[in-house]
Amino acid sequence: MTKPNTYQTTLALTPTQFSECLKTWQREHGRHNLPWQQNPTPYTVLVSEIMLQQTQVATVIPYYHRWLQHFPTFQALAAANEDLVLALWQGLGYYSRARNLHRAARYVVDQFNSELPHSINALREIPGVGPYTAGAICSFAFDLPAPLVDGNVKRLFARYFGITGEVNSTKFNNKVWQLAEHYTPPQDNRIYAQALLDMGATICTPRQPQCTQCPLQTTCYARQTQCVDKLPEKKKPTPLPTRFAWFGIDYNATGVVLVQRGTDAVWPRLWCLPEFLNAPVAAIEHGQFRHVFSHYKLTATVVQFKAPATNTRVAWDDLPKFGLPAPIKRYLAKVRSNL
DNA sequence: AAGACGTGGTG
DNA sequence: TCACCAAGTCT
């Protein structure tokens, strides 16, 4: 007999009660003015969901508007040039999302006649669309009953249902998805799904959750047992290692030499100062910068060097046309301001 | 299964 | 300065 990893209180709401409670809360207290909630189409839902992966709402908003101005439809995006795609994603991070979204548009145009399918399985064929995004598209684009699990849902469910085990372990994830499916309402899933996200973002927050404002407080496992700050269980993070890198700079009053990075490195396909694999010998240092990634810290040294005449020299005024890594963009802005 | 993959906001 | 976090996916 295995120990159950879920503790349901006798007070737990039925799926119907649970979804009705959340939907009522959403109508009164949820977010209704986000840009992608205004006249949503399957395309705008896909764009917003990809941009919102691991990225906060406030950060996404300006990118979302700019994106739709340049690429209003699947067809427009499918026909776009990759440099413009990356330039418009510049600063958002996780750049494979941009290339996947570009590929997704081509896939939808070619395979689905420019219309998103309604089934989870078909949606999952699309580059960059994983289990969460497929559920989000069904929910937000089509108002269909489909489970959706993101960080908000994991946190809210872990607390409400008392799901133990390390967050993102296979066992934990399976349990959350199982509950998400069980509690998905057959009708009005769009507003229910939005309620899950908005509750997680505004009430059931990671730190200092607003339990007194929560419509689920009287039946919440964590609230009843006063372990809200213990759930979901997180693995202690290992400190980030530090790596070193060296970049060469060759510039004048007109512009600066840039190279396009490969697909297998960080900052794939972005334009960057040329990177040296090893510390250059006897080079003149031009400057340094530090940068923190999700999985390591970078200490970078920039050295002066003479680039081959065949290298691309980008005019200062043309930099916005290229996608540059955020720290490189900052560094070059400073260089230019000192000209 | 675990690691790669960005960045900016916040306490 | 620093730890933690944010609507995950891919390999």
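Its Cα gyration tensor gives chain A an equivalent ellipsoid. The semi-axes, each the square root of 5 times an eigenvalue, are 43, 25, 17 Å from largest down. A cut-off of 5 Å between modelled amide H atoms, ignoring neighbours fewer than 5 places along the same chain, links A:GLY287 with A:VAL302.
Dipole orientation for region A:15-230: of the candidates A:VAL167, A:ALA76, A:PHE112, A:VAL167 has the Cα lying most toward the positive pole (charges on Cβ; Lys, Arg +1; Asp, Glu -1).
Of A:LYS230/A:LYS297; A:LYS154/A:LYS297; A:LYS297/A:LYS321; A:LYS297/A:LYS329; A:LYS154/A:LYS175; A:LYS154/A:LYS235, which pairs sit farther than 20 Å apart, going by alpha carbon to alpha carbon? The pairs that break the limit, which is 20 Å between Cα atoms, are A:LYS230/A:LYS297; A:LYS154/A:LYS297; A:LYS297/A:LYS321. Rounded to the nearest 20 debye, the dipole size of chain A about its Cα centre is 960 debye, using +1 on the Cβ of Lys and Arg and -1 on the Cβ of Asp and Glu.
Each Lys and Arg Cβ is given +1 and each Asp and Glu Cβ -1; about its Cα centre, region A:14-94 then shows a dipole of about 220 debye.
Residues of region A:272-315 falling in the label zone of A:ASN81, defined by backbone nitrogen less than 15 Å from a point 7 Å along Cα to beta-carbon, are A:313-315.
Quick one: if the Förster radius is 45 Å, what FRET efficiency do A:GLN288 and A:ARG103 give, using the C-beta to C-beta distance and rounding to 0.05? Taking R0 as 45 Å, the efficiency between A:GLN288 and A:ARG103 is 0.80. To the nearest whole percent, what portion of all C-alpha pairs in region A:78-217 is separated by more than 27 angstrom? Distances greater than 27 Å cover 32 percent of the Cα pairs. Per-residue Karplus couplings for region A:300-311, computed as 6.51 cos²θ - 1.76 cosθ + 1.60 with θ equal to phi - 60°, are listed in order as 10, 10, 9, 10, 6, 7, 9, 6, x, 4, 7, 5 Hz, Gly and Pro entered as x. Using amide H atoms built in the peptide plane, which far-off residues or other-chain residues are under 5 Å from A:ARG243 H to H? Placed amide hydrogens put A:LYS297, A:LEU298, A:THR299 under 5 Å from A:ARG243. Comparing A:TRP246, A:LEU123, A:ILE50 along the charge dipole axis of chain A, the residue lying farthest to the positive side is A:TRP246, per the Cβ-charge model.
Classify region A:287-339 as rounded, prolate or oblate, taking a ≥ b ≥ c as the square roots of the eigenvalues of its Cα gyration tensor: rounded when a/c is under 1.5, otherwise prolate if a/b is larger than b/c and oblate if not. Cα axes put region A:287-339 in the prolate bin.
Under a model in which nothing but the beta-carbon of Lys, Arg (+1) and Asp, Glu (-1) is charged, region A:242-337 shows a dipole of about 240 debye around its Cα centre.
Shown here: region A:78-160, whose C-alpha atoms stretch 46, 32, 17 Å along the first, second and third principal axes, sorted largest to smallest. Separation of region A:82-112 and region A:149-215 by C-alpha centroid, Å? Taking the Cα centre of each part, region A:82-112 and region A:149-215 sit 29 Å apart. Counting alpha carbon pairs within less than 8 Å and at least 6 residues apart, what relative contact order, in whole percent, applies to region A:15-230? It rounds to 23 percent for region A:15-230.
Mean projected area of the convex hull spanned by the Cα atoms of region A:242-337, taken over all viewing directions: 6.3 nm². Computed FRET efficiency, Cβ-Cβ of A:ASN252 and A:TYR94, R0 30 Å: what is it to the nearest 0.05? Efficiency computed from Cβ-Cβ geometry: 0.35. Excluding same-chain neighbours fewer than eight residues apart, the aspartates and glutamates reachable from A:LYS306 by a Cα-Cα span under 14 Å are A:ASP250, A:GLU275, A:GLU285.
Packing, taken as the mean count of other beta carbons within 10 Å per residue, orders the peptides A:277-284, A:255-262, A:155-162, A:203-210 from highest to lowest as A:155-162, A:255-262, A:203-210, A:277-284. Going by a ≥ b ≥ c, the root eigenvalues of the Cα gyration tensor, does region A:166-235 fall in the rounded group (a/c under 1.5), the prolate group (a/b larger than b/c) or the oblate group? Taking the square roots of the gyration eigenvalues as a ≥ b ≥ c, region A:166-235 is oblate.
Values in this text are rule-based calculations from the coordinates and carry no lab data. Bear in mind that the values here come from a model prediction, so they are computed numbers and not experimental data. We place every Cβ from the backbone using ideal geometry, glycine too, and count neighbours over all the protein chains shown.
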